[in-house]
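Peer 1: Next up is a structure, given as structure tokens.
Values in this text are rule-based calculations from the coordinates and carry no lab data. Just so you know, these numbers come straight off a predicted model, no measurement behind them. When we count neighbours, we look across all protein chains shown, and the Cβ atoms used for this are built from the backbone with ideal geometry, even at glycine.
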Amino acid sequence: EVQLLESGGGFIQPGGSLRPSCAASGFTFSTYAMSWVRQAPGKGLEWVSAISGSGDATYYADSVKGRFTISRDNSRNMVYLQLNSLRAEDTAVYYCAKGRLTWGSGGSFDLWGQGTLVTVSS
Amino acid sequence: DIQMAQSPSTLSASVGDRVTITCRASQSISSWLAWYQQKPGKAPKLLIYQASNLESGVPSRFSGSGSGTEFTLTISSLQPDDFATYYCQHYNGYFFSFGPGTKVDIK
């Protein structure tokens with residue numbers, strides 16, 4: 001079955017770290033760019049970070065640059081998002097998403113995981 | 001950075017209605033636009049890519065049009081399963097920007 005399954009969210013204090021992960025199955029993982037998109041409670045969608053299929057190129061939204069790090073392990077069909085220096089405004093459901101095309105960023109996102117909730121609070 | 005705007009923010013409609021949602025970009029984005037549907041507690045679902053291409057498996061009552069700075073998503077005859085929030089998204093290389101969303105609720 002073609003799917004993405006996130007895990008690793010949780011409750012963390014401001015300034016802390018967390019590493020959500022996303023397990024992919026049912027497609028040739030290494031040929032697709034992957035992204036993380038987040039959604040704060042009751043708010044809209046915000047693209048956070050993307051990584052190329054080979055993993056040699058990474059991209060970040062200005063709001064997380066320098067604090068978050070995206071990575072992938074193509075041998076395990078996994079993508080990760082290291083969250084450091086967390087702030088209350090990082091509280092959100094974090095979705096991983098697959099690019100639709102096998103070149104570049106893949107364009108639009110044709111497959112999404114169910115999301116994992118990260119709550120930053122003291 | 002390119003900003004995306006959507007109108008209306010909320011739309012009340014009845015089953016069978018024709019519904020149109022507008023998305024505007026702060027500058028020309030050619031046809032690099034997608035539309036997503038999201039239901040409460042669920043992940044977004046891709047409906048339309050490259051402004052007017054229907055994603056596989058999406059009902060034909062959904063259609064997209066436009067280019068440059070103005071785009072529309074049309075639902076030709078609203079069905080009970082279509083009550084949801086709809087987002088447009090601009091993509092260009094590794095730049096992605098979502099609109100604020102349009103909630104379609106029951107009139």
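Peer 1: Once you list every other residue whose beta carbon is under 13 Å from the beta carbon of residue A:87, what net charge do they have if Lys and Arg are +1 and Asp and Glu are -1? If you can, show how the numbers build up before the last one.
Peer 2: On the way: positive: A:38, A:67; negative: A:89, A:90.
Here the count lands on 0.
Peer 1: I've got another one for you. Among B:77, B:65, B:52, determine the one that fluctuates most according to a GNM of chain B built with springs between C-alpha atoms less than 10 Å apart.
Peer 2: Top of the fluctuation ranking is B:77.
Peer 1: If you don't mind, another one. Among all stretches of chain A without exposed trypsin sites (Lys or Arg not before Pro) (DSSP loop, at most 15 other Cβ atoms within 10 Å), which one is longest? Don't jump to the answer; show the numbers that get you there.
Peer 2: On the way: sites that count: A:43, A:65, A:67, A:76, A:87.
Looking at chain A, A:1-42 is the longest stretch - no exposed trypsin sites (Lys or Arg not before Pro) with at most 15 other Cβ atoms within 10 Å.
Peer 1: A follow-up question, please. In chain A, with Lys and Arg counted as +1 and Asp and Glu as -1 at Cβ, which of these residues, A:83, A:116, A:93, has the Cα nearest the positive end of the dipole, that is, farthest along it?
Peer 2: A:83
Peer 1: Quick one: net charge of residue A:21's neighbours, Cβ under 13 Å, K/R +1, D/E -1? Spell out each step's value before the answer.
Peer 2: Working: positive: A:19, A:72, A:76; negative: A:6, A:73.
With Lys, Arg at +1 and Asp, Glu at -1, the neighbours total +1.
Peer 1: Sticking with this one: Give the order of A:90, A:56, B:82 when sorted by the count of other beta carbons within 10 angstrom, beginning with the fewest.
Peer 2: Values: A:90 22, A:56 7, B:82 19.
Placing the least packed residue first, the sequence is A:56, B:82, A:90.
Peer 1: Could you give the alpha-carbon Rg of the protein assembly as shown over 2.2 N^0.38 Å, rounded to two decimals? Could you put the intermediate results ahead of the total?
Peer 2: On the way: Rg = 17.3 Å, N = 229, 2.2 N^0.38 = 17.3 Å.
Normalised Rg, Cα atoms only: 1.00.
Peer 1: Okay, next question. Below 8 Å, C-alpha to C-alpha, sequence gap of six or more: please give me the relative contact order for chain B in percent. Don't skip to the end; give the middle numbers.
Peer 2: Values: 265 pairs, mean separation 39.4, N = 107.
With pairs under 8 Å counted, the relative contact order is 37 percent.
Peer 1: Let me ask you something else. Restricting attention to the stretch B:1-84, which trypsin sites (Lys or Arg not before Pro) occupy a DSSP loop and are surrounded by at most 16 other Cβ atoms within 10 Å?
Peer 2: Details: sites: B:18, B:24, B:42, B:45, B:61; in loops: B:18, B:42, B:61.
Within the stretch B:1-84, the qualifying trypsin sites (Lys or Arg not before Pro) (loop, at most 16 other Cβ atoms within 10 Å) are B:18, B:42, B:61.
Peer 1: A follow-up question, please. Can you pull the percent of Cα pairs in chain B with separation above 18 Å?
Peer 2: Details: 2391 of 5671 pairs.
Of all Cα-Cα distances in chain B, 42 percent exceed 18 Å.
Peer 1: Which residue, A:61, A:24, A:33, has the most motion in a Gaussian network model of chain A that connects Cα atoms within less than 10 Å?
Peer 2: The residue that fluctuates most here is A:61.
Peer 1: Next up: Would you kindly work out the equivalent ellipsoid of chain A from its C-alpha gyration tensor and give its semi-axes, the square roots of five times the eigenvalues, largest first in whole Å? Walk me through the numbers before you get to the answer.
Peer 2: Numbers: eigenvalues 108, 39, 34 Å².
Three semi-axes, in Å: 23, 14, 13.
Peer 1: Relative contact order for chain A using alpha-carbon pairs under 8 Å, separation at least 6, rounded to a whole percent? If you can, show how the numbers build up before the last one.
Peer 2: Working: 319 pairs, mean separation 43.3, N = 122.
Relative contact order, chain A: 36 percent.
Peer 1: Which residue, chosen from B:32, B:76, B:54, occupies the Cα position most advanced towards the positive end of the dipole of chain B, where the dipole is computed from +1 (Lys, Arg) and -1 (Asp, Glu) charges on Cβ about the Cα centre?
Peer 2: Sorting the options by dipole projection puts first B:76.
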